[in-house]
Structures are given as C-alpha cells and as structure tokens.
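The structure under discussion appears below in the form of structure tokens.
Just so you know, all these numbers are worked out from the coordinates, no wet-lab data involved. As the structure is a computational prediction, the values presented were derived from the model and not from experiment. Neighbour counts run over all protein chains shown; Cβ positions are idealised from the backbone, glycine included.
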Amino acid sequence: IKQEALSRLEACESLADLQELRVLYLGKKGPIQDLMKSMKDLPKEERPAFGQQVNALKQALAAAIDDKRTVLEEKEINERLQQEKIDITLEGRKPNLGNIHPLTLVQKEIEDLFIGLGYSVEEGPEVELDFYNFERANIPKDHPARDMQDTFYIDVERLLRTHTTAIQMRVLEKDSPRTPIKVICPGKVYRRDDDDATHSHQFTQVEGLVVGENIRLSDLKGTLEFVARRMFGEKRVIRFRPSYFQFTEPSVEVDVSCHMCGGKGCPTCKGTGWIEILGAGMVHPNVLRMAGYDPEKVSGFAFGIGAERVAMLKYGIDDIRHFYTNDIRFLKTFTRFE
Ligand code: PHE
C-alpha cells in the first residue's frame, strides 16, 4: 500500500489531485481504514503490533501528503505570479475631482469682500411672500412697477422671489429699529424671461443693505468703488447714472470702467469704455417707515449685483446658459480660479 500510495503521490500535479488522493487513502473507505477494521479478526496478541504498524503507515502517508501539499502550493503560487505580471510603470487612474462652480466662486468672493467690511451674510426663502418681495419694497399691488419684474406666481400670496431685496425687507423688519444694519443677501432669483445668451429665468443676485445714521450717497459710491476695484482691478473707476427703482430714491445705475481696455473702448464694453454692473440707490423713506424706522433719523443705501454678469465679465464667458447646462468641460475650466 505504502509503495503504491507514494508513487501515486509522486505523480500528483495539482492540489485538487492531492485532495483526491488523500480521500482515497486516508478516507473512511480507504485501505487504511479497511486494515483497522480487519484488526478484530486477528488473534488478540497480534493486535497491538498490527495496530502500531497501521498507525505508522497512516502517519507516514499523512506526512508525505502534507509535504507534497507544501511543494504544490508553492508551485501554484509561482505559476500565478508568472501569469499575473503587474506593470508597475502603468499610470494610475486619476479620480475625477469636483471643483467649485464659477457662480459660487463669484458669490463667495463678493461675500468675503463685504465680510471684510463688517457686513454679515443673510439668506431667505426662494418661495417668497408677495409682501416681502413687493409690498415692503414699496411696490404696491397693481402698481405698474411690478411689470419691471415678470414674476412666477404660485398663488395670490406666494411667488418665486424676483430679487433678493426680499431678504433685505425681512432683515429690516426683524432688526427694526436697531442700527446699524450691514448685510449682504445672496441667492437665486427668478423672472419670467425667454432664455438666451444674456437672459435666464433663474439667476443669482448678491444684494447689500446698509442702514444707520448719516448714511449718504457718497458712502454708497465709496463702497462700490472699493468692491469694483477688488473685483476688476485697482485701476478701475465707477460712475453713477440716474435710474429708477421703486425701493430706492435716488436710484442709480453703476458702471465700472472697462477692465479689458482700461476705458479706451473695446468689444467687451461695446466701445464705450464703461460696463454696467449693478443697480443701487438710497433706501426709499417709505421702505424705512414700513419696517418701523424713522426716515428723519436714519438713512441707508442698497445695491444689487448680478453674479452671472460679474462672472461673465471676469472670466470672459459669452453665454449665461453655460452656468446652468453643466457641461463638465466648461465647469472644469474653473479649477484654477479656486
Ligand atoms: N433689486 C434690484 C433688481 O433686482 C436691484 C437693486 C437692489 C437696485 C438694491 C437698487 C437697490 O434689479
């Protein structure tokens, strides 16, 4: 038995063969087990010697099988290693990292500027009450000024805010009659508009409001000039042109000297040397009064920046729809602006 088993063991080529052999010889139906069973047919005095011999055989076979297993295992590992060559010079797969959206970059940049000037950032609901979006902003029901901002109404009382002036009206009401108020109000706003390269039914505003004693138009101008310089370059100057907003009086349209040509005239500024960047004005006495302030004692200024417009000017983007169609190739170009 031993000779036969050992020679078969020699011929074993794989771990599977080995396992088969093990069951064949050492298993319950194998020859060794048969020998054990046949012991009872022997005379009593021969049994111990016979038993010892069988046991020795069993152990010898088991040991031989174990040795062979070690050899075979090593062989299989070596074969696997041969097959699975790993090319460590191959480049790794780069994970796709996200980056900050250009509008978020601009919004944060403006916020940071104003935080540096002591403003706090306030947010509000995008589904807003007519009351804060219009009435408190001195735009009563049925007033033609409402046509200036084509509105998505939800029902008679609620709408999608058309400007973040609505946040400012909430702040005024909440803090009244405390002064000074210095807040910056960023957020999405909505207007019924046919989308094209310069119009979007949803866009982003960053509006600001300051209320206190002796706040004057020159304070507004100084503040906006500081901001324009930080955003578009230290050589920029700004100018005011008269405008009209229901919630400010006087109201102004603010232009910044063109950052592309320095004011000489180029395609970006359509040859004028100036670029319109925002609307602003002194808070209307009615707005202050409705919120519980005495317009004889306090005054304030407000301004509204369009984040898309600033981003388009700063980064030379020619179509507002790029911000919303989320073409990954467009978004990726802003990694370096972080
Ligand atoms: N709310 C105005 C708009 O959406 C912008 C603005 C804000 C103008 C504050 C004046 C003062 O067009």
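Dipole magnitude of the chain about its Cα centre, charges +1 at Lys/Arg Cβ and -1 at Asp/Glu Cβ only, in debye to the nearest 20?
Dipole magnitude for the chain comes out near 620 debye.
If N is the number of residues in the range 239-313, what value comes out of its Cα radius of gyration divided by 2.2 N^0.38 Å? Present the calculation step by step, with values, prior to reporting the outcome.
Working: Rg = 15.6 Å, N = 75, 2.2 N^0.38 = 11.3 Å.
This ratio for the range 239-313 stands at 1.37.
Considering only DSSP states other than H, G, I, E and B, which trypsin sites (Lys or Arg not before Pro) in the range 99-183 qualify as loop sites with at most 15 other Cβ atoms within 10 Å?
Of the trypsin sites (Lys or Arg not before Pro), the ones in loops of the range 99-183 whose Cβ has at most 15 other Cβ atoms within 10 Å are Lys141, Arg178.
What are the principal axis extents of the Cα atoms in the range 212-338, in Å, biggest first?
53, 34, 25
If you take the square roots of the eigenvalues of the alpha-carbon gyration tensor of the range 21-62 and sort them as a ≥ b ≥ c, do you get rounded (a/c under 1.5), prolate (a/b over b/c) or oblate? The partial results should precede the final answer.
Details: a/c = 4.86, a/b = 1.72, b/c = 2.82.
Here the range 21-62 falls in the oblate category.
Given contacts defined as C-alpha pairs under 8 Å and at least six residues apart, what's the relative contact order of the range 156-281, whole-number percent? Don't skip to the answer; put the middle values down first.
Working: 191 pairs, mean separation 19.5, N = 126.
Relative contact order here is 16 percent.
Any of Lys2/Lys68; Lys29/Lys68; Lys108/Lys314; Lys188/Lys332; Lys188/Lys221 with alpha carbons more than 20 Å apart? Name them for me.
Lys29/Lys68; Lys188/Lys332; Lys188/Lys221
Which GluC sites (Glu not before Pro) in the range 189-231 sit in a loop by DSSP (not H, G, I, E or B) and have at most 14 other Cβ atoms within 10 Å of their own Cβ?
Filter output for the range 189-231: Glu213.
Take the alpha carbon atoms of the range 1-125, find their radius of gyration, then divide it by 2.2 N^0.38 Å using N residues; give the quotient. Kindly include the intermediate steps, with their values, before the conclusion.
Numbers: Rg = 36.2 Å, N = 125, 2.2 N^0.38 = 13.8 Å.
Its radius of gyration relative to the 2.2 N^0.38 Å reference: 2.63.
Starting from the exponent 0.38 and prefactor 2.2 Å, build the expected Rg for the chain from its residue count and divide its actual Cα Rg by it.
2.07
With only alpha-carbon atoms counted, please give the Rg and Dmax of the range 278-331, in Å.
Cα only, the range 278-331: 18.3, 54 Å (Rg, Dmax).
With n ≥ 4 as the cut-off for DSSP H runs, can you work out [θ] at 222 nm for the chain, using -39500 (n - 2.57) per run divided by the number of residues, rounded to the nearest 500?
-12500 deg cm²/dmol
Can you pull out the GluC sites (Glu not before Pro) in the range 11-83 whose DSSP state is coil and whose Cβ has at most 16 other Cβ atoms within 10 Å?
For GluC sites (Glu not before Pro) across the range 11-83 that sit outside H, G, I, E and B with at most 16 neighbouring Cβ atoms in 10 Å, the list reads Glu13.
Any idea what % of Cα-Cα pairs in the range 56-208 are farther than 28 Å?
51 percent
Could you point to the residue in Phe131, Val121, Thr165 farthest towards the positive end of the range 77-174's charge dipole, with +1 and -1 charges on the Cβ of Lys/Arg and Asp/Glu respectively?
Most positive-ward Cα: Val121.
What relative contact order, as a whole-number percentage, does the chain give when Cα pairs under 8 Å and 6 or more residues apart are counted? Please report the intermediate quantities before stating the final value.
On the way: 506 pairs, mean separation 50.1, N = 338.
15 percent.
Quick one: grab the alpha carbon gyration tensor of the range 117-273, order the square roots of its eigenvalues as a ≥ b ≥ c, and give me rounded if a/c is under 1.5, else prolate or oblate depending on whether a/b is larger than b/c.
On the way: a/c = 2.00, a/b = 1.30, b/c = 1.55.
Oblate, since a/c reaches 1.5 and b/c is not below a/b.
Over the chain, with a Gaussian network built from C-alpha contacts below 10 Å, which listed residue (Cys12, Cys269, Cys258) shows the highest mean-square fluctuation?
Cys12
Taking only C-alpha pairs under 8 Å that are 6+ residues apart, what is the relative contact order of the range 1-130 in percent? Mind showing how you got there, number by number?
Details: 43 pairs, mean separation 29.7, N = 130.
About 23 percent, as a whole number.
Output needed: Cys residues of the chain lacking any neighbouring Cys C-beta below 4.7 Å, sorted by number.
Cys12, Cys185, each lacking another Cys Cβ under 4.7 Å.
Name the residue from Leu61, Gly27, Leu72 whose Cα lies farthest towards the positive end of the charge dipole of the range 1-76, charges +1 on Cβ of Lys and Arg and -1 on Cβ of Asp and Glu.
Ranked along the dipole, the leading option is Gly27.
Pick from Ile88, Ile277, Ile320 the residue whose mean-square fluctuation is largest in a GNM of the chain, springs joining Cα atoms under 10 Å.
Checking each option, the largest mean-square fluctuation is seen for Ile88.
What is the fewest-to-most order of Asp150, Asp255 by other Cβ atoms lying within 10 Å of their Cβ?
Asp150, Asp255
Sequence-distant or interchain residues sharing an amide H contact under 5 Å with Thr272, placed H: which?
Cys266
Can you sort Ser38, Ser176 so the residue with the fewest Cβ neighbours within 10 Å comes first?
Taking fewest neighbouring Cβ atoms as first place, the list is Ser38, Ser176.
For a footprinting-style exposure proxy, rank Phe134, Phe323, Phe330 by other Cβ within 10 Å, fewest first.
If I rank by nearby Cβ atoms, fewest first, I get Phe330, Phe323, Phe134.
Dipole of the range 169-267 (Lys/Arg Cβ +1, Asp/Glu Cβ -1, origin at the Cα centre): which of Val211, Val183, His259 lies farthest to the positive side?
My answer, from the dipole projection, is His259.
How big is the charge dipole of the range 1-87 about its Cα centre, in debye rounded to the nearest 20, if each Lys and Arg gets +1 on its Cβ and each Asp and Glu gets -1 on its Cβ?
The calculated dipole for the range 1-87 is roughly 600 debye.
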